[in-house]
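One structure is given below, encoded as structure tokens.
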Amino acid sequence: MALQYKFPKGFWWGSATSATQIEGAADEGGKGRNIWDQWHENEPNRFFDGVGPASTSDFYHLYKEDIGLMKEIGHNTFRLSISWSRLIPGGRGEINPEAVDFYNNVINELIAQEIEPFVTLYHFDMPFELQEEGGWENREVVEAYAKYAGECFRLFGDRVKKWFTFNEPIVPVEGGYLYDFHYPNVVDARRAVQVAYHTMIAHARAVDVFRAAGIEGGQIGIILNLTPSYPRSQHPADLKASNAADLFFNRSFLDPAVLGEYPEELVELLREHGQLPHAEKGDQELVKSGIVDILGVNYYQPRRVKAKEHLPNPYGPFMPDWYFDNYEMPGRKMNPYRGWEIYEKGIYDIMINLRDNYGNIQSYIAENGMGVEDESRFIENGEIQDDYRIEFISGHLTWLHQAIEEGCNVKGYHLWSFMDNWSWMNAYKNRYGFFSVDIETKKRTPKKSAHWIKEVAEQNGFNR
Ligand code: BG6
């Protein structure tokens, strides 16, 4: 019998992770320190249960077994990131040979198992020494990043063909410079804008270096958490608010990465508030040269927006949310175990937008997933019965399938995440994996969704 939702031949099925969240071995193998190691040392109590990044899920030692498990559940792709501070301790200078061995071993093992590596260069993990120099506020750090990217292409580009410069570049801007959930815990909109701008300059420099490296069959992209912005009503004030949220949180990265320029409306807004970042001569051309081949899309939840009801003091600090309030739409479907909205059609709306306004760029779902607190309450016969996750994934895949039927150029799906992992300040609070991880023993156990995805990958589709 024909499957109800059959995906195009060659569709990628896999899961996503990042170095700091899974590797562990934070002080082993010659790794330098990154901002997470340092922040946890300074303020352990800001992390859920006080748990830091020191050992996480220990992929550093268990990668071979993990890749075996990926194979078992039908993955043909796996998304991971390289840790800058592991490869180049301190961020500049000597390459750490133990890191080269580690990443070579991981990549070779993936390829031996016919699992395509999708590799991110930067997933929130600035080497601490470079943060001390100002991190992304400092243009010299951009050059250090371009060198690091070049080393990655040189060392691994013969085997890795799908590269991504950044994961969710807006998050370190929001977290580190606006809302106090990433180091360096600054709250300053002007600095936030500069950090966002330099991140895109760094992206463009890495794309330049990638083009110069001439990696045969290689493609380069960026991974953005696109959050469709839905207004409370069609009232002009709500529409304006929703447009502002879209400009700040989506288009400030999407437009330069895919179209090669910033939206004029965004530039105007920043100019109006005297918040234009410091730029250098030639930057416009540089941004143009950073146009990507491929786009990774992370989608968890939409942004519901209403016009700001109480305008703050106009002389107060400029913040993106000066323009809008989040809108708690009555009746929206919520993830009861994480507090985020679930709106499956959002994934379709993103894809239609990319098709119609961004040249139908080749894209992948680089993250989509459902975080759940304390999944042990769902154990039956020794296995977590995560039917809610199966429902979450299949709901999103149904809309993704619809988007493909309507001509959207989306080629793969990565669940966040392969296994439960350490998630920044939330540490192990929200569990996302196909496999659960006992954080003491590091034992991996498949959840019901692991068996389900195996079948989906093997049939290249599913019935619902
Ligand atoms: C994504 C990030 O935005 O959200 C991941 O790319 C992160 O790194 C994930 O782990 C889940 O976040 P949380 O806070 O629910 O654990």
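The values are calculated or read from the model by the stated rules, or taken from the named source; none is laboratory data. These numbers come from a predicted model, not from an experiment. Backbone-built Cβ (ideal geometry, glycine too); neighbour counts: all protein chains shown.
Structural remarks
- Of the residues in the stretch 134-148, none is surrounded by 24 or more Cβ atoms within 10 Å (Cβ to Cβ) and under 18 Å from residue 26 (Cβ atoms).
- Within the stretch 156-169, the residues that satisfy the criterion of being hydrophobic (A, V, I, L, M, F, W, C) and either modelled with pLDDT under 95 or touching a Ser or Thr at 6+ places or on another chain (Cβ under 7 Å) (or both) are 164, 166.
- Conditions (1) in contact with a strand residue (DSSP E or B) (Cβ under 7 Å, 6 or more places away or on another chain); (2) away from the ligand (no atom under 14 Å from the Cβ); (3) closer than 30 Å to residue 54 by Cβ; number of the one not met by residue 438: (1)
- Taking the conditions (1) assigned to a helix (DSSP H, G or I); (2) in contact with a Cys (Cβ under 9 Å, 6 or more places away or on another chain) in turn, residue 106 satisfies each one other than (2).
- Some residue of the stretch 223-231 being under 29 Å from residue 36 (Cα atoms), within 16 Å of the ligand (Cβ to nearest atom), of a type in the set (A, V, I, L, M, F, W, C) and in a loop (DSSP other than H, G, I, E, B): yes
- Filter result for residue 424 (within 24 Å of residue 7 (Cα to Cα), surrounded by fewer than 24 Cβ atoms within 10 Å (Cβ to Cβ) and among the hydrophobic types (A, V, I, L, M, F, W, C)): no
- When the stretch 184-216 is filtered for residues that are among the hydroxyl-bearing types (Ser, Thr, Tyr) and out of contact with any Asp or Glu (no Cβ under 9 Å at 6 or more places or on another chain), only 199 remains.
Condition check ((1) under 21 Å from the mean Cα position of the chain (by Cα); (2) more than 19 Å from residue 444 (Cβ to Cβ); (3) among the basic types (Lys, Arg)) across all residues:
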| position | (1), (2), (3) |
| --- | --- |
| 335 | yes, yes, no |
| 344 | yes, yes, no |
| 362 | yes, yes, no |
| 377 | no, yes, yes |
| 381 | no, no, no |
| 388 | no, yes, no |
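- When each of 59, 153, 102 is tested for being at pLDDT 95 or above, within 16 Å of the ligand (Cβ to nearest atom) and among the aromatic types (Phe, Trp, Tyr), the lone residue that passes is 59.
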